Every structure is written in C-alpha cells, then in structure tokens.
Amino acid sequence: LGLSFHNMRALLQKVDLMHDHTLRMEQWISMKDRPGEKHLIQYRDIILAIKALLSNPAHTDKIVYRPSCVFTDRLKKNRIFTEMWTGQWWHAVQSILPRGAMVAPIIISPDKTQLTQFSSNRSAYPIYMTLGNIPKALRHKPSEHTCVLIGYLSVDKVDGAGITEKKQCALVQQLFHVSVKLILKPLEEAGKTGVDVTCGDGKVCRVFPILAAYVADYPEQCLVTCSKYGTCPICQCPETLLDEAQACLPWASIWTLDVLKKAR
C-alpha cells in the first residue's frame, strides 16, 4: 500500500509528532477565604485560538474583515441586521481603530450541560469560542471547526465548613469569575494594542480581538452579571414587573452601585 509505517507502534509514533491540540495550560486556583482549597483550570491561549480560526485557508473567502450596512431597497431607507458585521456595535468599534485595522469580535459560549469527567472524581464543563467574522451559517456547522474549545471551568464543590450557605454560594460565583478572567486575560492587552495575524490568504492583518457576545441561558446570565436569580440581568425592570410588555432602561454603573449600596 506504500504506507510510511509498518506496524501499530510506528503509526502511533507518527501520531505523536502531529500538532498538539490539547489544552496546554493549567492553573490551580485558590480563594482568599479558602487558601488550602485548590481548583484546577485547564485552558489554551485564546490569542492562538483566534489566529488559528483566521488563518484557516478553507475559510479565506468567507471571513469578513470589515463591517457593512445592508438595506432592502435601493434608496437605503430600510436597513436590516443579519450577521454581526451588519450591526451598529461593529461600526462603532471600527471607527475608533487605526486605519486598516480589523476587529475580531469574540463570541464566548460555555456549555455546562456537557460535563467532562476527569480523574480523581473531578469534573468540569467546557467553554468555547468563535468569531463574529465567520458567517453564522458556518458557525452552526460542527464539520467546519469554527468553534474552538478554550478551556474547562471547574465545577468542584466549595467546602462549606464553617461558613454560611450564602457565603458558600458567593465563593462558587467567585470561582467562576476568577476562572473566566484567567482564560480571557490575554484579550485585555490584545484588544488595546492589537496583534498581527497571518490570514488564510497569506496577508498579515492588525487584528483587535474584543469580547462581543457571551451566549448563555438565564441562570448563567445571572451568574455572569452578578444579578439575583429572578431579576432581569439586562435592564432595570423590577422583578414584579417582568411579565409586563414594557421597555425599561438598561443597566448603568450608577444604578448598579445604588443597588449594591441598598443591599448592604
């Protein structure tokens, strides 16, 4: 058959020489209130994951590099919003970047339902990343490999000995935020200064990766926004009026600080 290996051992040796797609980085996290309690976080460099998606030659002709406005008529009176690059957010961000720069809108999506079991009875749930530059028709196809696993969030139980149930819940939430912050940390500097990325066509672009969307169900929205379960994680609507078809003001920093002050 003209194979380059003659037995199973030789085949496995060749497989070991292939590019490693495993999560290369890991860190044990401990909290100030529980210094002896360690939680394992496994993750990969999110910047390398972004470069891998943008440099995929199979998607060179489909990657979108700049925002655009789409209208249904020639007079441009009826604007429609379909893909992320047709939205107002991308236009606003693009306007403050250097000429020729490219925005890479980061879309984060954790999936707590798909638990992965590790050794020593440890479990974690995956967090995925994709880009708004990729058309949603491709993002919805697993065979296109446009969604990258960037880490596992720990779901280890926090020891509740000596603390109240409320404090234990707060530590669980703190563990989540510390874990996500660790995984997304490289975006802070890259979003300000940009990174050079060689695209699938061989051209080098100055890319500014910016967190644009966090796809989550309602419980995770409350967790991410540090809001009370049963309230709206997006607007200032009181929980007693959530069933009313009435628009409310979005969250604001002053309003949030006032809520925290009253809670204390």
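Every number in this text was worked out from the coordinates using simple rules, so none of it is lab data. Remember, predicted model here, so these are calculated numbers, not experimental data. Note that we place each Cβ from the backbone using ideal geometry, even for glycine, and neighbour counts take in every protein chain shown.
Contact order for the stretch 111-264, expressed relative to its length and based on alpha carbon pairs under 8 Å spaced 6+ residues apart, stands at 11 percent. Taking +1 at the Cβ of each Lys and Arg and -1 at the Cβ of each Asp and Glu, which of Leu175, Phe71, Ala213 sits farthest along the dipole of the stretch 21-227 towards its positive end, judged by Cα position relative to the Cα centre? So the residue we want is Phe71.
Among the helices of the chain, those built from whole DSSP H runs whose Cα atoms reach 20 Å or more along their own axis and whose mean Kyte-Doolittle hydropathy is at least -0.5 are 165-184. Distance between the pseudo-spin-label points of Ser253 and Cys169 (7 Å out from Cα toward the beta carbon): 2.8 nm. Expressed to the nearest 5 percent, the antiparallel share of DSSP beta bridges inside the chain is 80 percent. Here's how it looks for Ala104: its modeled amide H is under 5 Å from those of Phe208, Ile210, which are all 5 or more places away or on a different chain. For the chain, the relative contact order is 18 percent, taking Cα pairs closer than 8 Å that sit 6 or more residues apart in sequence and dividing their mean separation by the residue count. Potential lengthening of the chain between Leu211 and Leu241 amounts to 7.7 nm, from the contour at 0.36 nm per residue minus the alpha-carbon distance. Packing here is the average count of other Cβ atoms within 10 Å per residue, and on that basis the peptides 230-241, 251-262, highest first, run 230-241, 251-262. Each of Met102, Met31, Met8, Met25 has some number of other Cβ atoms within 10 Å of its Cβ, and from fewest to most they run Met8, Met25, Met31, Met102. Which label belongs to the value computed from this structure, given these candidates for Rg and Dmax of the Cα atoms in Å: [x] 27.3, 93; [y] 26.3, 83; [z] 22.3, 76? Checked against the structure: label [z]. Over the chain, with a Gaussian network built from C-alpha contacts below 10 Å, which listed residue (Leu184, Leu11, Leu138) shows the highest mean-square fluctuation? Maximum among the listed residues: Leu11. I'd like the trypsin sites (Lys or Arg not before Pro) in the stretch 171-203 restricted to DSSP loop residues with at most 11 other Cβ atoms within 10 Å, sorted by number. Those that pass, being in a loop and sparsely packed, are Lys203.
Charge dipole of the chain (Cα centre as origin; +1 on each Lys and Arg Cβ, -1 on each Asp and Glu Cβ, all else neutral): 500 debye, rounded to the nearest 20.
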